[in-house]
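Colleague: Would you mind keeping the following structure in view while I ask a few things?
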Ligand SMILES: Cc1ncc(C[n+]2csc(CCOP(=O)(O)OP(=O)(O)O)c2C)c(N)n1
Ligand SMILES: [Mg+2]
């Protein structure tokens, strides 16, 4: 009886990968636990281990093959002593799990909406060449450019150096800048954040990476009490030029303690600037601005956006100002306001609404604090309706702040109450079926937009 | 809280300076240890496989290689003692006797899971078995473990809290806040550091100025020693010693279990921070299950056939768990809003 070896999924979002290397050849005897092959995705390399004892009868996908779909049969094992021909006859391994899984579709992660193209920033000179790059690459380039420009800038965090970043954002930086400026820390968030703030007080410009912002809660005292307040408390004597960055918010299937948005937490605090980009161009331009800013900046990224590609202007020094929202799609019927991950759902919703004859304007906040009220109010004066969307909880949230600002500054222009949409008011559940309903979907945005247009 | 622990001198005499000799197990116990470790090993292998098939999502940290630690410690615990650990928790929950079906169904996020699919791999709980999780924030379970010990002492129920954490977690500041209070108040807690030598891709040497983690309590006057965590009998003896010390009202103690994880940190792991040879050598020379199997046969405590029978029994248990975890329905959408508040 032969056993199929399937292409494994390395993460819930992985659909295909590369077989980088076979470590066994046909005819080899393997036992459970032996490494069969190295599999690569854009994020990581993983070793595929055998879970059975047997002989490698057939390697069906040669090494170097890219785009191998998850669950594709890549090799066959036969039991010791059996001829390799056994692998040819279609096996029906009864008790073996792979057969079972083929019969039942794997649980799908919450649907990730596909987004429409983004309008260009007016600041980009006409005729500028645009290059496609991922958000991950854009962030890395921003740090590298600023580190080349200013030797006071250094990067510190867990696994940022030798490991090349837990999410590969700092890839290559250790090689270029050495371990004086790319520093692997112990798992001591409260300690290294305080240390970073102290270094900033003394004139350096640290970039502190949190493996995810969930772990910054260990360090939030230093972010707020030490970083945000010191300039004020010292009567302007001491500034804290520091960037706190890392993935924030929803990440697929990692449950309550690893999937939470902190935009409103930091947005609440005077003395902090808070940035949360969506596109690669904004990620690059805003991170460069954040590193140069003389204030503490909380820079919220998103794991689920790291691998997305966008056009980025090819300019020697591309910066995007902190504090400016961006109209990414013009429209006249309703304003949809969001930032970061939920821009995907909002842009999809705008397309769907267009198909139904509702012309939505879409605004990406990009900066959470200071909030660009001017751009929001100008849009609402035109459309007279607004839906505000965030991935976090709406209670005391960014959406609540935006709604208040619109009520205070655009009350006379509103034809309907502003609606807020956000993640379900519960800790993030693990189960796929629950997670899907806990996260804002494009349909939810469409429904809310129709409601404020009185077309529901 | 009043401190009713004996004077420091007496306590220092009571605490050992190094690990006791290995536990002298009866043949029946040996076979039970073998069975327990094999259950964890095969369960984890199947979980890894199911992850690869997309049936398990998110982070999934396998315990393969470290089975002797929880098996030996659990065997020395009494009913009424408590246990808490981090996200690498599948072995711990299986060891307290929770149904493998419910554990696997939690991994697949189904309603038959221990937490109805709401917690997943990192957040296993079984409060009936005094198992308090399953915690995803590195270091957080350590003060919680001290708090459970506080409750045991407060209630006077004679229970001991056994609090597990990794050598990477040992660098978190809250560990030392917990150590200080635990000693100051004489809390009945055994701190077990599972030193598997790596925290994700960072070796203990690259992150720790003192890599003898059992010494980490020294400045709080907490005794500790190192234990061979790849030998279930060494673990069993040390755990009995440490739990006894704590139960006698001597306050906390630290056991550093030298162990090794064979698999990646979680499912996606670049595997570039250690050599394949290093892993292979550990597996070949130090595997806790192989080692015990050989010992069982060599001493005549069990025959090859006996071990094969255990193998078959475990295979069936794990297959049933895998089937159950795929057949159990996904939680109903209405479950989303339940259990937020008591
Ligand atoms: C506060 C916090 N920081 C970082 C992480 C990410 N993280 C998860 S496990 C881990 C390594 C922990 O290593 P160790 O304590 O040795 O335990 P092991 O994984 O080896 O069992 C890290 C850095 C986290 N979950 N929580
Ligand atoms: Mg470790």
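The values are calculated or read from the model by the stated rules, or taken from the named source; none is laboratory data. Since we're looking at a predicted model, the values are computed, not measured. Cβ placement follows ideal geometry from the backbone for every residue including glycine, while neighbour counts extend to all protein chains displayed.
Colleague: Could you grab me the full set of residues in the range B:216-255 that are without any contact (Cβ under 8 Å) to a residue 24 or more places away in the chain and over 20 Å from the mean Cα position of the chain (by Cα)?
Modeller: B:218, B:219
Colleague: Got at least one residue in the range A:396-406 being within 27 Å of the chain's Cα centre (by Cα), crowded, with 22+ Cβ neighbours inside 10 Å, at pLDDT 95 or above and assigned to a loop (DSSP other than H, G, I, E, B)?
Modeller: Kept after step one, since they are within 27 Å of the chain's Cα centre (by Cα), are these residues of the range A:396-406: A:396-403.
From what's left, crowded, with 22+ Cβ neighbours inside 10 Å: A:397-399, A:402.
If we keep only those that are at pLDDT 95 or above as well, we get A:397-399, A:402.
Next, only the ones that are assigned to a loop (DSSP other than H, G, I, E, B) stay: A:397.
Scanning the range A:396-406, I find at least one residue that is within 27 Å of the chain's Cα centre (by Cα), crowded, with 22+ Cβ neighbours inside 10 Å, at pLDDT 95 or above and assigned to a loop (DSSP other than H, G, I, E, B), so the answer is yes.
Colleague: Could I ask something else about it? At positive phi, buried (at least 24 other Cβ atoms within 10 Å of the Cβ) and away from every other protein chain (no Cβ under 11 Å): which single residue out of A:246, A:196 fits that description?
Modeller: Going through A:246, A:196 in turn, the sole match is A:246.
Colleague: Here's a follow-up. Where residues in the range A:123-138 are assigned to a loop (DSSP other than H, G, I, E, B) and in contact with a strand residue (DSSP E or B) (Cβ under 8 Å, 6 or more places away or on another chain), which of them is modelled with the lowest pLDDT?
Modeller: A:124
Colleague: Given the criterion surrounded by fewer than 20 Cβ atoms within 10 Å (Cβ to Cβ) and either in contact with a strand residue (DSSP E or B) (Cβ under 8 Å, 6 or more places away or on another chain) or not in a loop (DSSP other than H, G, I, E, B) (or both), identify the matching residue among B:282, B:267.
Modeller: Just a single option satisfies the conditions, and that option is B:282.
Colleague: Right, another one. I'd like the residue in the range B:155-178 that is away from ligand 1 (no atom under 15 Å from the Cβ) and in contact (Cβ under 8 Å) with a residue 60 or more places away in the chain and, out of all such residues, is nearest to residue B:191 (Cα to Cα).
Modeller: B:162
Colleague: Same structure, new question: Looking at (1) within 14 Å of chain B (Cβ to nearest Cβ); (2) buried (at least 23 other Cβ atoms within 10 Å of the Cβ), can you tell me which one residue A:277 breaks?
Modeller: (1)
Here's the yes/no breakdown for (1) outside any helix (DSSP H, G or I); (2) away from ligand 2 (no atom under 16 Å from the Cβ):
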{"position": "B:92", "(1), (2)": "no, no"}
{"position": "B:138", "(1), (2)": "yes, no"}
{"position": "B:149", "(1), (2)": "no, yes"}
{"position": "B:154", "(1), (2)": "no, yes"}
{"position": "B:181", "(1), (2)": "no, yes"}
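Colleague: Would you mind finding the one in B:237, B:207, B:182, B:242 that is surrounded by fewer than 23 Cβ atoms within 10 Å (Cβ to Cβ), away from chain A (no Cβ under 14 Å) and modelled with pLDDT of 95 or more?
Modeller: Working: B:207 fails: away from chain A (no Cβ under 14 Å); B:182 fails: surrounded by fewer than 23 Cβ atoms within 10 Å (Cβ to Cβ); B:242 fails: surrounded by fewer than 23 Cβ atoms within 10 Å (Cβ to Cβ).
Every option except B:237 fails the conditions.
Colleague: If you go through the range B:123-158, how many residues are within 14 Å of chain A (Cβ to nearest Cβ) and over 16 Å from residue B:83 (Cβ atoms)? It would help to see each step written out before you state the result.
Modeller: Kept after step one, since they are within 14 Å of chain A (Cβ to nearest Cβ), are these residues of the range B:123-158: B:123-125, B:133-144.
When the remaining residues are screened for being over 16 Å from residue B:83 (Cβ atoms), the result is B:136-139.
The number of residues fulfilling the criteria is 4.
Colleague: Further question: Collect the residues in the range A:158-193 that are buried (at least 20 other Cβ atoms within 10 Å of the Cβ), within 15 Å of ligand 1 (Cβ to nearest atom) and part of a helix (DSSP H, G or I), keeping them in residue-number order.
Modeller: A:189, A:192, A:193, listed by residue number.
Colleague: In the list B:194, B:205, B:210, which residue meets the criterion of being within 16 Å of ligand 2 (Cβ to nearest atom) and either touching a strand residue (DSSP E or B) at 6+ places or on another chain (Cβ under 9 Å) or part of a strand (DSSP E or B) (or both)?
Modeller: From the options B:194, B:205, B:210, the qualifying one is B:194.
Colleague: With (1) surrounded by fewer than 24 Cβ atoms within 10 Å (Cβ to Cβ); (2) more than 19 Å from residue A:440 (Cβ to Cβ); (3) away from ligand 2 (no atom under 16 Å from the Cβ) as the list, and residue A:256 as the residue in question, which single condition is left unmet?
Modeller: Every condition holds for residue A:256 apart from (2).
Colleague: When you go through (1) surrounded by 18 or more Cβ atoms within 10 Å (Cβ to Cβ); (2) touching a residue at least 40 places away in the same chain (Cβ under 8 Å); (3) under 20 Å from the mean Cα position of the chain (by Cα) one by one for residue A:436, which number turns out not to apply?
Modeller: Going through (1) surrounded by 18 or more Cβ atoms within 10 Å (Cβ to Cβ); (2) touching a residue at least 40 places away in the same chain (Cβ under 8 Å); (3) under 20 Å from the mean Cα position of the chain (by Cα) one by one, residue A:436 breaks only (1).
Colleague: Looking at the range B:290-301, is at least one residue over 30 Å from residue B:243 (Cβ atoms) and either without any contact (Cβ under 8 Å) to a residue 24 or more places away in the chain or surrounded by fewer than 15 Cβ atoms within 10 Å (Cβ to Cβ) (or both)?
Modeller: yes
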